[in-house]
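*Asks:* Below is the structure I would like to discuss, written out as structure tokens.
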Amino acid sequence: MTLKHSILVTGANGQLGQSLQKIAKNYPDNQFTFVERDTLDLSQAESIDTYFQSHQFDCIINCAAYTAVDKAEEDTVLAEAINHHAVKQLADIAKAQDSVFIHISTDYVFDGKQHRPYVEDDTVNPQSVYGASKLRGEQAIHAVSPKGCIIRTSWVYSEFGRNFLKTMLMLGEQRDSLTVIFDQVGTPTYATDLAKAIMQIVEKNKHSQLLDKNLGLYHFSNEGVCSWYDFARAIFSMANIDCAVSPIETKDYPTPATRPHYSVLNKAKIKQDFSLNIPYWRDSVQACLNSL
Ligand SMILES: NC(=O)c1ccc[n+]([C@@H]2O[C@H](COP(=O)([O-])OP(=O)(O)OC[C@H]3O[C@@H](n4cnc5c(N)ncnc54)[C@H](OP(=O)(O)O)[C@@H]3O)[C@@H](O)[C@H]2O)c1
């Protein structure tokens, strides 16, 4: 009997973690271990050390993160602990244990001043504490250089947890009209599509060993481009919710953290390296609504 490929998924209760749990049964050659904060607390260095003293995996997928973008402006120490120091520690462990390390980062490492989709080596310039902490996490991984990859993604939504799509569904049922920002442009990412892409990468790497040779940096979102306003309109239209949406500018909806005005990600590299077929964002919104 051959041993199954062992995969650890951190942040099991988050959007991406739950999406990986949802699709795990489609990958029976792998033995998944899903851990939550109770088992592996990324804000506690000792918790991480203790866990890995008795555990070792072929692959670690780090879906855990401090993701409260506005709260991070005040909560800098915790954001830094989880998004930077813990990531370095996980990268060190992955390297020492010869595991493939797959880490998720964000479009918020960019300042959003560009007018064409961001490629992986475009200049980074985060505008928020969250974005800066995620960037330092990336930089720490590059310094350690385990085998694996960093995948930057954007505007993640799913059936799980709290996200823009679910907030719109709730508000749309409660109100007759809403205002939504139309001068932040990007691409939504259905967490199930990202989870499938990650598993396709894991599977392909078993044969190609591409990630064993070089630490990869990739961009992933759904295909297409929209503003939050367009995203809201699409959700209401597809969910048959009668709620008028008016476009407003970012300056009319101030938030503690500054977000990029333009953060469309160019996905040519990940599509080429792993033969990915990425769904159009509106098709994935429909898929998510269908499974709610
Ligand atoms: N959401 C987005 O729009 C977005 C956009 C770009 C990039 N990303 C990145 O994509 C990845 C996945 O995001 P997501 O949307 O799935 O995030 P999420 O739903 O907020 O989930 C994050 C997970 O991290 C866990 N976590 C937080 N602090 C922890 C700690 N101290 N120890 C262990 N676990 C901890 C949370 O646990 P609890 O359930 O216990 O709180 C939660 O399960 C993250 O790296 C994020 O930065 C997200």
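Throughout, read-outs are computed from the coordinates displayed, never taken from laboratory work. Quick caveat, the model's predicted, so the values are computed rather than measured. Note that we place each Cβ from the backbone using ideal geometry, even for glycine, and neighbour counts take in every protein chain shown.
*Asks:* What aspartates and glutamates could a cross-link reach from K88, if we take a straight Cα to Cα line under 13 Å and drop same-chain neighbours fewer than 8 places away?
*Replies:* The reachable aspartates and glutamates, counting only those whose Cα sits under 13 Å from K88, are D49, E80, E138.
*Asks:* With charges only on Cβ, +1 for K and R and -1 for D and E, what is the dipole size of segment 1-119 about its Cα centre, in debye, rounded to 20?
*Replies:* Dipole of segment 1-119, to the nearest 20 debye: 540 debye.
*Asks:* Here's something else I'd like to know. Can you give the alpha-carbon Rg of segment 45-140 over 2.2 N^0.38 Å, where N counts its residues?
*Replies:* My calculation over the Cα atoms of segment 45-140 gives 1.17.
*Asks:* Quick one: in segment 206-292, what % of C-alpha pairs are over 20 Å apart?
*Replies:* Tail fraction, whole percent: 55.
*Asks:* OK, next. Could you tell me how many degrees, from 0 to 90 and to the nearest 10, lie between the Cα long axis of helix 86-97 and the main elongation axis, the longest principal axis, of the Cα atoms of the chain?
*Replies:* Helix 86-97 and the main axis of the chain meet at about 30 degrees.
*Asks:* Which pairs, out of K25/K204; K22/K206; K166/K269; K206/K267; K113/K267, put more than 29 Å between their alpha-carbon atoms? Kindly include the intermediate steps, with their values, before the conclusion.
*Replies:* Numbers: K25/K204 18 Å; K22/K206 22 Å; K166/K269 31 Å; K206/K267 22 Å; K113/K267 19 Å.
Cα-Cα > 29 Å for K166/K269; rest within.
*Asks:* Treat segment 135-214 as a sphere of radius equal to its Kirkwood radius over Cα pairs and apply Stokes-Einstein at 4 °C in a medium of 1.567 mPa s; give the translational diffusion coefficient in µm²/s, rounded to a whole number.
*Replies:* The estimated diffusion coefficient comes to 82 µm²/s.
*Asks:* I would also like to ask the following. Could you work out how far the C-alpha centroid of segment 101-171 sits from that of segment 199-269, in angstrom?
*Replies:* Spelled out, the Cα-based centre of one part sits 9 Å from the other.
*Asks:* Along the three principal axes, how long is segment 83-209 when you take its alpha carbons, biggest first, rounded to the nearest angstrom?
*Replies:* 56, 30, 27
*Asks:* Through the Karplus equation 6.51 cos²θ - 1.76 cosθ + 1.60, θ set to phi - 60°, convert the phi angles of segment 70-83 into ³J(HN,Hα) values in whole Hz; use x for Gly and Pro.
*Replies:* Per residue, the Karplus-derived 3J(HN,Hα) values read 6, 4, 4, 4, 9, 9, 5, 5, 5, 4, 5, 4, 7, 8 Hz.
*Asks:* On to the next question. Roughly how big is the chain's charge dipole about its Cα centre, with Cβ charges of +1 (Lys, Arg) and -1 (Asp, Glu), in debye to the nearest 20?
*Replies:* With only Lys, Arg, Asp and Glu charged at Cβ, the dipole is about 640 debye.
*Asks:* Give a residue-ordered list of calculated ³J(HN,Hα) values for segment 202-212 (Karplus: 6.51 cos²θ - 1.76 cosθ + 1.60, θ = phi - 60°; whole Hz; x for Gly, Pro).
*Replies:* Listing the rounded values in order: 4, 5, 5, 5, 4, 9, 8, 6, 4, 6, 7 Hz.
*Asks:* In terms of modelled amide H atoms, which long-range or inter-chain residues lie less than 5 Å from the amide H of L178?
*Replies:* Correct list: A244, V245, S246.
*Asks:* Please grab the % of Cα pairs in the chain that end up more than 25 Å from each other.
*Replies:* Of all Cα-Cα pairs in the chain, 46 percent lie more than 25 Å apart.
*Asks:* Among I48, G216, Y108, which residue has its Cα furthest toward the positive end of the charge dipole of the chain, with +1 on Lys/Arg Cβ and -1 on Asp/Glu Cβ?
*Replies:* Highest projection toward the positive end goes to G216.
*Asks:* If you build the convex hull over the alpha carbons only and average its shadow over all orientations, what do you get for segment 140-292? Give it in nm² to one decimal. Let's see the in-between values first.
*Replies:* Values: hull surface 40.9 nm².
It is 10.2 nm².
*Asks:* Highest GNM mean-square fluctuation, the chain, Cα pairs closer than 10 Å: which of C63, C226, C243?
*Replies:* Residue with maximal mean-square fluctuation among C63, C226, C243: C243.
*Asks:* What shape does segment 12-59 take by its C-alpha gyration tensor, where a ≥ b ≥ c are the square roots of the eigenvalues and a/c under 1.5 counts as rounded, a/b above b/c as prolate, and the rest as oblate?
*Replies:* Cα axes put segment 12-59 in the oblate bin.
*Asks:* Hey, what did segment 136-292 get for relative contact order, percent, Cα under 8 Å, at least 6 apart?
*Replies:* 36
*Asks:* To continue, here is another question. Could you list which residues have their amide H under 5 Å from that of T189, counting only those 5 or more apart in sequence or on another chain, with H placed in the peptide plane?
*Replies:* Sorted by chain and number, the residues that satisfy this are V156, Y157, N222.
*Asks:* Put +1 on the Cβ of each Lys and Arg and -1 on the Cβ of each Asp and Glu in the chain; which of S6, I181, W155 then has its Cα farthest toward the positive end of the dipole?
*Replies:* After comparing all options, I get S6.
*Asks:* Further question on the same structure: Quick one: E159, E73, fewest Cβ neighbours within 10 Å first, how do they rank?
*Replies:* Exposure proxy ranking, most exposed first: E73, E159.
*Asks:* How big is the dipole moment of segment 91-191 about its Cα centre under a simple scheme where the beta carbon of each Lys and Arg is +1, that of each Asp and Glu is -1, and everything else is neutral? Debye, nearest 20, please. Provide the component values of the computation, followed by the final result.
*Replies:* Numbers: 10 positive and 12 negative charges, 27 e Å.
It works out to roughly 120 debye.
*Asks:* Would you calculate, for the chain, the mean residue ellipticity at 222 nm contributed by helices, counting each DSSP H stretch of 4 or more residues as -39,500 (n - 2.57) and dividing by all residues, to the nearest 500? If you can, show how the numbers build up before the last one.
*Replies:* Details: 11 runs with 112 residues, N = 292.
Calculated at 222 nm, the ellipticity per residue is -11500 deg cm²/dmol.
*Asks:* Using only the alpha carbons of segment 1-108, determine the length spanned along each of the three principal axes and report them from longest to shortest in whole angstroms.
*Replies:* Computed over segment 1-108, the largest-to-smallest principal extents equal 52, 28, 25 Å.
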